[in-house]
Amino acid sequence: MAFLVGETGGQERLDDLGGEGHTGHPAAETEHVDVVVFDALVSGVGVRSLRGAHAADLVGGDGGTGARAAYDDPSIDPPITHGPADGRRVVGVVDGIIRMGAEVGDRDAVFGKRLGERFLQSETGMIGAYSYPHTPSFPKAAASVVTSPGGPYNLAMDQIVVTGGTRLDGVVSVLGAKNAVLKQMVAMLLAPGTHRLTNVPGILDVELMGRVLNHIGAATVFDGHALTVEVPDELRPEAPLELVRQMRASIIVLGPLLARTRTARVAFPGGDDLGARPIDMHLAGLEALGAEIELEHGTVVARAPNGLTGAEIDLDFPSVGATENILLAAVLARGTTVLNNPAREPEIQDLAAQLNSMGASIGGAGTSQMVVNGVGQLHPVDHGVVPDRLEAGTYAAAAAITRGRVRVEKCDPAHLRMELKKLAEAGCEVERGDDWFEVRGPDRPRPVDFATLPFPGFATDMQPQMVALLAIASGTSVVTENLYEARFRYLGELMRMGADVTTEWQHAVIRGTDRLSGCPVLAPDIRAGAALVLAGLRADGYTIVSDVQHIDRGYEGFVDRLAALGAVIERRGA
Ligand code: UD1
C-alpha cells in the first residue's frame, strides 16, 4: 500500500505504517497513492473504501485536532456524532468529515477561518485537508494526488449532482449482469487456454475481478464489452486480503482453485456494508466434497490432497455464493454431486450454461436440485453474459419515480417478474416483450408491501430502489428485508431527504410523503447509492450523492444513461 504522509515527523509515521510512500510533500500527480495521511487524519477515501487498512494503524499522532474541533463545532448541522480520531473510530471520524464536507462544502468556508472549517472547504473532492504549514499549496496538491489516475480511490472523490423534477423519457439498454460476469470470469480458471466473454459491463467490480485473475496468473484483455482471458496451465492458487477486501466475490475462486490445484489460500472476506455475510455454507460444501479447510491468521487455507469427490449436499439456505463455489468445485470432482436447495438466480443458470458449454455436466440449474456429474477436464469457450436484471430494474424504478416513461432493452423481463409486478401494484403501467419492457410511472405511486427473498422472490438488490419510490407513495408500505442485516442502513440518508420511515428489526414502515427535498447524501452501497440518485430525481432542488464509487461498482455510465433519458444530472470530480 502506498501512503502519502503529509505532516511533521512524516518519516516516522510512514515507518509506523509500514508501507511505501512519500512524506511531507505530495507525490507527482501520476503517482499511485493509496492512502493520504495528513495532520493526524487519514483521508477517508483510503480507509472507507479499502477497509483493508487497520484504522488504528492509520491514526495520526495527535488524536485528530481538526476532527475534534469540527466535532465541537455547534454550527455544523446536523450535529456530528463522531468522536475524535482515536483508535478505530477514525473511520467514523472520516465518515463525519465527508459528511461535513458535503454539508457545508458550498458554504463560504474561508480557508483557515476556524479550525473545524479547515476540513470543510468547498474545493471539490477535498477531504480532511489542512493547511500544511510549510507548503501552503499542499491541500490542493494532495487532492490532485488522491484523484490521480490509476489510484484505486480516485473515484471516491467524485459526487453525483442531481436536480430533481424532470420526467425520464426514452430508451436504455442494459449490459451483462455484474453478478454473473464476476463468477464467469472465475469459471474460466477451470480450463487452461483462451476464453472470451461478451456483453461484459464496464464496471469497477469487473476491473477488480480482473486483478484477482491476474494475481492467480491469468492475463486479461478488455476490448469494449468483450473480455479475453488467457488461463495458464499453472495457477497461483491464492487471493490475498488486499484483493478480497476490494472484491468480496473473490471468495468464489476457492472452489475452482481447489479443483484445479488441490489447494487454495483465500483471505477470509469478513463483513461489508450489508452486514456480517458469513461463508460457512461455502466452506461446508467444499468440505463435503473432500476439502480440508483451516482458518489460518485470517486466511482460508483449503487442501484436497486426494482431489475432490462428488457428494450430496443440502444447503440450509439457497445462497448464491455457496451454490457457485460448490458448482465450480464439483464440475471437476470425481463422481456425482447432488446439490439440494441451491440458489435459482438467473446468474446461476447462466454460469451453469457457460460451464456446460465448457464441457461440464450440470443439470437442474434454476430448480431446487442441481446434479453435477464430474468430468476430467474442461475447455475454453466464448460466452455472452446474461443481461443484468438489477440494472434493468433500476431504470424501471427510475421511470416510476419520475412519472416518466422508459423502455428498457436487451434485458429479460422474465428475470424481473416479481419486481415488475410490484411496480404495477404501485400504479405503473408495464408492457413487455421478449427482450424489453416499458414502464410508465404514475403521478403518485400507491403503497405496496413486499419482502425480499431468493429468486424468484423480490430481489434484495432492488429493495432500496423500490423503497425510494414508496417514499413518495400515497400511503404506508411495509417492506421486509430477509437477506441482509444492514441493508436498511441507507434509510437514514433517505430520511434526510424527507422520507418518513421507521424500522423494526428487518421491517421498514414507509409512510409516503408528497415531496422529497434534495440534500447531500452518502451512497453506502451499490444499490442504495442508485436508490438515492433516483430519490434525487424526484426531490425538490438538488441532491449531491457522495461515495459514488459504490455506484461505479455495479452500473456502467449510470449518470450518462440517466442524462440521455432526460435527467438533469452530472458527475462532479475533483
Ligand atoms: C449475491 C450477490 C448479491 C445479492 C445476493 C443475494 C454477487 C456478487 N452478489 O451475494 O448482489 O444481494 O447474492 O441475492 O453475486 N449466507 C450465510 N452463509 C453462507 C453464505 C451466505 O449465512 O455461507 C447468508 C448471507 O449472509 C445472506 C444470505 O445467506 O444473508 C444470502 O447470501 P448469498 O445468497 O450467498 O449472497 P452472495 O452470494 O454473497
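Below are the figures for this structure:
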{"quantity": "Residues (surrounded by fewer than 21 Cβ atoms within 10 Å (Cβ to Cβ) and out of contact with any Pro (no Cβ under 6 Å at 6 or more places or on another chain)) located in region 247-266", "calculated": "262, 265"}
{"quantity": "In region 216-244, residue surrounded by the most Cβ atoms within 10 Å (Cβ to Cβ) [restricted to those that are in contact with a Leu (Cβ under 6 Å, 6 or more places away or on another chain) and of a type outside the set (A, V, I, L, M)]", "calculated": "237"}
{"quantity": "Any hit, region 476-493, residues being modelled with pLDDT of 95 or more and of a type in the set (Lys, Arg)", "calculated": "no"}
{"quantity": "Test set (1) part of a loop (DSSP other than H, G, I, E, B); (2) open to solvent by 10 Å² or more (accessible area, probe 1.4 Å); (3) not β-branched (Val, Ile, Thr) - residue 342 fails condition number", "calculated": "(2)"}
{"quantity": "Strands (runs of 3 or more DSSP E) fully within region 486-574 counting 2 or more residues that are charged (D, E, K, R)", "calculated": "500-504, 568-572"}
{"quantity": "Sole residue being closer than 28 Å to residue 436 by Cβ and in contact with a Ser or Thr (Cβ under 6 Å, 6 or more places away or on another chain), chosen from 162, 172, 206", "calculated": "162"}
{"quantity": "Matching residues in region 444-466 - criterion: being free of Cβ contacts under 8 Å to residues at least 40 places away in the same chain and more than 13 Å from the ligand (Cβ to nearest atom)", "calculated": "446, 448, 449, 450, 451"}
{"quantity": "When residues of region 264-309 are limited to those that are part of a helix (DSSP H, G or I) and small (Gly, Ala, Ser), the one farthest from the ligand (Cβ to nearest atom)", "calculated": "288"}
{"quantity": "Some residue of region 320-332 being open to solvent by 30 Å² or more (accessible area, probe 1.4 Å) and among the charged types (D, E, K, R)", "calculated": "no"}
{"quantity": "Residue that is acidic (Asp, Glu), away from the ligand (no atom under 12 Å from the Cβ) and touching a residue at least 40 places away in the same chain (Cβ under 8 Å), where the choices are 242, 312", "calculated": "242"}
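So that you can scan it fast, the table gives a plain yes or no per residue for (1) within 20 Å of the chain's Cα centre (by Cα); (2) more than 22 Å from residue 389 (Cβ to Cβ); (3) open to solvent by 10 Å² or more (accessible area, probe 1.4 Å):
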| site | (1), (2), (3) |
| --- | --- |
| 468 | yes, no, no |
| 494 | yes, yes, no |
| 512 | no, yes, yes |
| 549 | yes, yes, yes |
| 561 | yes, no, yes |
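The values are calculated or read from the model by the stated rules, or taken from the named source; none is laboratory data. The structure presented is a predicted model; accordingly, all values stated were derived computationally and were not measured. Methodologically, a virtual Cβ is constructed for each residue, glycine included, from the backbone with ideal geometry; neighbour enumeration extends over all protein chains shown. Heavy atoms of the whole protein, side chains included, go into the accessibility calculation; ligands, DNA and RNA do not. Shrake-Rupley method; radii C 1.70, N 1.55, O 1.52, S 1.80 Å.
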